[in-house]
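Engineer: I have a structure I would like to understand better, so I am pasting it below and will then ask my questions one at a time.
The values are calculated or read from the model by the stated rules, or taken from the named source; none is laboratory data. The model shown is predicted, which means the values in this text are computed figures rather than measured ones. With ideal geometry, Cβ positions are generated from the backbone for all residues, glycine too; neighbour counts draw on all protein chains shown. Only protein heavy atoms, including side chains, enter the accessible area calculation; ligands, DNA and RNA are left aside. Shrake-Rupley method; radii C 1.70, N 1.55, O 1.52, S 1.80 Å.
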Amino acid sequence: MADIEGTEKYNMTEQASASSDEHKGGPAAIPPPPPYKELPFWTRMGCTPDSFKRRPPADIANNLNQTLKPRHLHMIAIGGSIGAGLFVGSGSALSKAGPAALIIDFLIIGFMLFNVVYALGELAIMYPVSGGFYTYSSRFISPSWGFAMGWNYVFQWVIVLPLELTVAGITVSYWEGKIVTDVGVWITIFFLLIILVNVFGVLGFGEEEFWSSVLKLITIVMFLFLGLVLVCGGGPENGEFNHYIGGKYWHNPGAFNNGFKGVCAVFVTAAFAFSGTELVGLAAAESENPRKALPRAIKQVFWRITLFYVLSLIFVGLLVPYDSPQLLGNGSYIDVKASPFVIAVKNAGISGLPDFINIVILISVLSIGNASVYGGSRTLTALAEQGYAPKIFAYIDKAGRPLFSTILVIAFGLLAYINLSSSGVEIFDWLTALSGLAALFTWGSICVAHIRFRQAWAHQGHSIEEIPFHAALGVAGSWIGAGMVVIVLIAQFYIAVWPLGGGVNTAEGFFKVYLALPVVMVFFIAGYWWKREGILRIDQIDLDTGRRVWDTAEDIARAKEVKRNRSTAMKIFDIFC
């Protein structure tokens, strides 16, 4: 990549290992400019017939474009997965568990994700390969488990896409009586918009994520300031917040609802709200310079968890009581009228602002729909490259698009029309059950892959200093993250057997909550039957294929010296900033 700063020295390990001098301090060779940068502009943008032709293979580990810029990665990390889970799903969680349980659950899932994303960052910088974390499961844990995780992740996103299209269509019903609100019409419009964005490949995804994330972050910051004013009694005279309310709703009706069972019930909502956080690791394979951009993007996740999720939900709990009848709008679908963000500003008597927040919710939902196409198509392509899916899905065109993978994932968006039939709700309930816990298995696998990588790294005689970016809490963080995933799965099993309504759940009710586990196990068994490979021994783990060597021996020694001389305060600052 000729346009990357000359100070960045890297090459593929296959090439580097042929000359040990590079590991001992010699400069790593700068690869030639990728062929796609020599193509005409509109071909690179995917807008000419020639752009659909197959791209000649240039890199055995990653034949996708590397055009995402640092600003894209930063926004994907800090705002990419903020969507209906936070803006709307938090209302259902608040009514089930109360404001204190809501905060506790989001903090627990947030701390889990903090460790997951740092572990992912360490791996993605060293191995910016097509398929990202699915590839890490296959390489560091087991090919059979990698098969299961890859297909589990594809299924997660192909189901999320029609769900988000349906939610987007229903969101428009907020303006019923003012505009045409036929759900089928709006599903078609939004479906065509997602197709249009994906014509432009990874840059279309990157730009859409950047600007939608900017809008989401501005909205949340605005809500934080507004929430402070309203809690202190600075709202309009015609609203509910024209006097100081403080923690009124934490005392009456209370901080918790349904006790311990309520806390367990909200874990899956919090996990859904954070789903997509791991996409920043997937996007690393298509970034210009992951060594430079990804560490800062990873560190943004801490601020997203604390500032944008936790603080905004604190104000939600202060402004909306958990027994509010307005929160009961959540039925089979996510209902924007039950969004606690909308309820708060509506009760404040601020005209126009509820409409603005609904527009932001609509854009957020479409953003997640677009992310589902990106995540599903890239993972499916990696599966095909590894021989775990039909080879046709390994096709990458001259514009850098995994063409047939993208077409297949987008085609699943047509399932959104199922909801227009009378039996559609029941069918869609089962489809969403497939993806309910899928993200948790992905996150747990990332942590285990990181643990196994570190074990193999030490076993094969490497030092920690050779790793260009370290997870904040090291291997301990990955053990904590994996352990928390297990705890959340146990809590969800408890709710699946003994639901909030009391008594013992039916078989149908159980599988609507916990269907993801048997599906993952079926994938694992299929992968084992196909490859006949169980868990890899440490000495079997391949640390070389696709690994980039970013730093020379002198760079490593210099970084070690700088780190040693830093103050404790600066070391802490470096973890979060």
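Engineer: Only residues that are closer than 26 Å to ASP397 by Cα and in contact (Cβ under 8 Å) with a residue 60 or more places away in the chain: list them for the stretch 182-201, please.
Structural biologist: Within the stretch 182-201, PHE190, PHE191, LEU193, ILE194, ILE195, VAL197, ASN198, VAL199, PHE200, GLY201 meet the criteria.
Engineer: With respect to GLY239, is the statement that it is surrounded by 20 or more Cβ atoms within 10 Å (Cβ to Cβ) and among the small types (Gly, Ala, Ser) true?
Structural biologist: So GLY239 does not fit the description; no.
Engineer: Follow-up question, since we're still on this one. Can you find even one residue in the stretch 321-329 that is buried (at least 23 other Cβ atoms within 10 Å of the Cβ) and among the aliphatic types (A, V, I, L, M)?
Structural biologist: Checked the stretch 321-329: at least one residue is buried (at least 23 other Cβ atoms within 10 Å of the Cβ) and among the aliphatic types (A, V, I, L, M).
Engineer: Restricting attention to the stretch 372-402, and to residues there that are of a type in the set (Val, Ile, Thr) and part of a helix (DSSP H, G or I), which single residue is surrounded by the fewest Cβ atoms within 10 Å (Cβ to Cβ)?
Structural biologist: Ranking the qualifying residues of the stretch 372-402, first place goes to ILE392.
Engineer: Let me ask something else about it. When both residues are 6+ apart or on different chains and their Cβ atoms are under 7 Å apart, which pairs have a first residue that lies in the stretch 419-446 and is within 17 Å of LEU515 (Cα to Cα) and modelled with pLDDT of 75 or more, and a second that is open to solvent by 10 Å² or more (accessible area, probe 1.4 Å) and not in a helix (DSSP H, G or I)?
Structural biologist: The qualifying pairs are ALA439/SER275.
Engineer: Mind checking which residues of the stretch 242-253 are aromatic (Phe, Trp, Tyr) and open to solvent by less than 50 Å² (accessible area, probe 1.4 Å)?
Structural biologist: TYR249
Engineer: Here is a list of conditions, (1) farther than 28 Å from ALA449 by Cβ; (2) at pLDDT 85 or above; (3) not polar (S, T, N, Q), and LYS178 meets all of them except one; can you say which number that is?
Structural biologist: Here LYS178 clears every test but (2).
Engineer: Restricting to the stretch 225-239, count the residues that are under 19 Å from SER312 (Cβ atoms) and either touching a residue at least 40 places away in the same chain (Cβ under 8 Å) or in a loop (DSSP other than H, G, I, E, B) (or both).
Structural biologist: Residues meeting the conditions: 8.
Engineer: Hey, does the stretch 449-463 have a residue that's out of contact with any Leu (no Cβ under 6 Å at 6 or more places or on another chain), hydrophobic (A, V, I, L, M, F, W, C) and at pLDDT below 90?
Structural biologist: no
Engineer: Given the criterion aromatic (Phe, Trp, Tyr), assigned to a helix (DSSP H, G or I) and open to solvent by less than 10 Å² (accessible area, probe 1.4 Å), identify the matching residue among PHE205, PHE210, PHE191.
Structural biologist: Just a single option satisfies the conditions, and that option is PHE205.
Engineer: Can you name every residue in the stretch 498-521 that is in a helix (DSSP H, G or I) and surrounded by fewer than 14 Cβ atoms within 10 Å (Cβ to Cβ)?
Structural biologist: Passing the criteria: ALA507, GLU508, PRO518, MET521.
Engineer: Being over 18 Å from the mean Cα position of the chain (by Cα) and either more than 26 Å from LEU415 (Cα to Cα) or not polar (S, T, N, Q) (or both) is the requirement here; does ILE189 meet it?
Structural biologist: Criteria met by ILE189.
Engineer: For residues that are of a type in the set (A, V, I, L, M), open to solvent by 20 Å² or more (accessible area, probe 1.4 Å) and over 21 Å from PHE274 (Cβ atoms), tally how many sit in the stretch 464-475.
Structural biologist: Number satisfying all stated conditions: 2.
Engineer: Return a yes/no flag: does the stretch 284-305 have any residue that is over 23 Å from GLY89 (Cα atoms), of a type in the set (Ser, Thr, Tyr) and touching a residue at least 24 places away in the same chain (Cβ under 8 Å).
Structural biologist: yes
Engineer: Residues that are more than 15 Å from the chain's Cα centre (by Cα): which helices (runs of 4 or more DSSP H) entirely in the stretch 259-325 hold 3 or more of them?
Structural biologist: In the stretch 259-325, 259-274, 290-303, 311-319 are the helices (runs of 4 or more DSSP H) which contain 3 or more residues that are more than 15 Å from the chain's Cα centre (by Cα).
Engineer: Quick check: is even one residue across the stretch 224-233 surrounded by fewer than 17 Cβ atoms within 10 Å (Cβ to Cβ), in contact with a helix residue (DSSP H, G or I) (Cβ under 7 Å, 6 or more places away or on another chain) and among the hydrophobic types (A, V, I, L, M, F, W, C)?
Structural biologist: yes
Engineer: Now for a different question. Taking the conditions exactly as written (within 16 Å of PHE225 (Cα to Cα), surrounded by fewer than 21 Cβ atoms within 10 Å (Cβ to Cβ) and either touching a residue at least 60 places away in the same chain (Cβ under 8 Å) or more than 24 Å from the chain's Cα centre (by Cα) (or both)), does ILE350 satisfy them or not?
Structural biologist: Spelling it out, ILE350 is indeed within 16 Å of PHE225 (Cα to Cα), surrounded by fewer than 21 Cβ atoms within 10 Å (Cβ to Cβ) and either touching a residue at least 60 places away in the same chain (Cβ under 8 Å) or more than 24 Å from the chain's Cα centre (by Cα) (or both).
Engineer: Which members of the stretch 359-371 meet the condition of being open to solvent by less than 10 Å² (accessible area, probe 1.4 Å) and within 14 Å of ALA168 (Cα to Cα)?
Structural biologist: If the condition is that a residue be open to solvent by less than 10 Å² (accessible area, probe 1.4 Å) and within 14 Å of ALA168 (Cα to Cα), then VAL360, ILE361, SER364, VAL365, SER367, GLY369, ASN370 are the ones that fit.
Engineer: With under 25 Å from ALA394 (Cβ atoms) and either over 15 Å from the mean Cα position of the chain (by Cα) or open to solvent by 10 Å² or more (accessible area, probe 1.4 Å) (or both) as the only criterion, which of TYR134, TYR127 stands out?
Structural biologist: TYR127
Engineer: Right, something else. Out of curiosity, is GLU533 open to solvent by 30 Å² or more (accessible area, probe 1.4 Å) and assigned to a helix (DSSP H, G or I)?
Structural biologist: For GLU533, the condition - open to solvent by 30 Å² or more (accessible area, probe 1.4 Å) and assigned to a helix (DSSP H, G or I) - is not met.
Engineer: The conditions are (1) without any contact (Cβ under 8 Å) to a residue 60 or more places away in the chain; (2) open to solvent by 30 Å² or more (accessible area, probe 1.4 Å), and SER405 fails exactly one of them. Which is it?
Structural biologist: It fails just one condition, (2).
Let's see how each residue does on (1) at pLDDT below 85; (2) of a type in the set (Asp, Glu); (3) over 17 Å from the mean Cα position of the chain (by Cα):
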site	(1), (2), (3)
PHE87	no, no, no
ALA93	no, no, yes
ASP105	no, yes, yes
ILE108	no, no, no
LEU113	no, no, no
LEU120	no, no, no
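Engineer: Exactly one condition in (1) within 24 Å of PHE412 (Cα to Cα); (2) under 13 Å from the mean Cα position of the chain (by Cα) is false for PHE155; which is it?
Structural biologist: Exception for PHE155: condition (2).
Engineer: Looking only at helices (runs of 4 or more DSSP H) that fall completely inside the stretch 66-110, which ones have 1 or more residues that are open to solvent by 10 Å² or more (accessible area, probe 1.4 Å) and farther than 20 Å from ASP323 by Cα?
Structural biologist: Where helices (runs of 4 or more DSSP H) fall fully within the stretch 66-110 and carry at least 1 residues being open to solvent by 10 Å² or more (accessible area, probe 1.4 Å) and farther than 20 Å from ASP323 by Cα, they are 70-79.
Engineer: Which of the residues spanning the stretch 148-177 are open to solvent by 30 Å² or more (accessible area, probe 1.4 Å), more than 30 Å from GLU533 (Cα to Cα) and out of contact with any Ser or Thr (no Cβ under 8 Å at 6 or more places or on another chain)?
Structural biologist: Hits for the stretch 148-177 are ILE170, TYR174, GLU176, GLY177.
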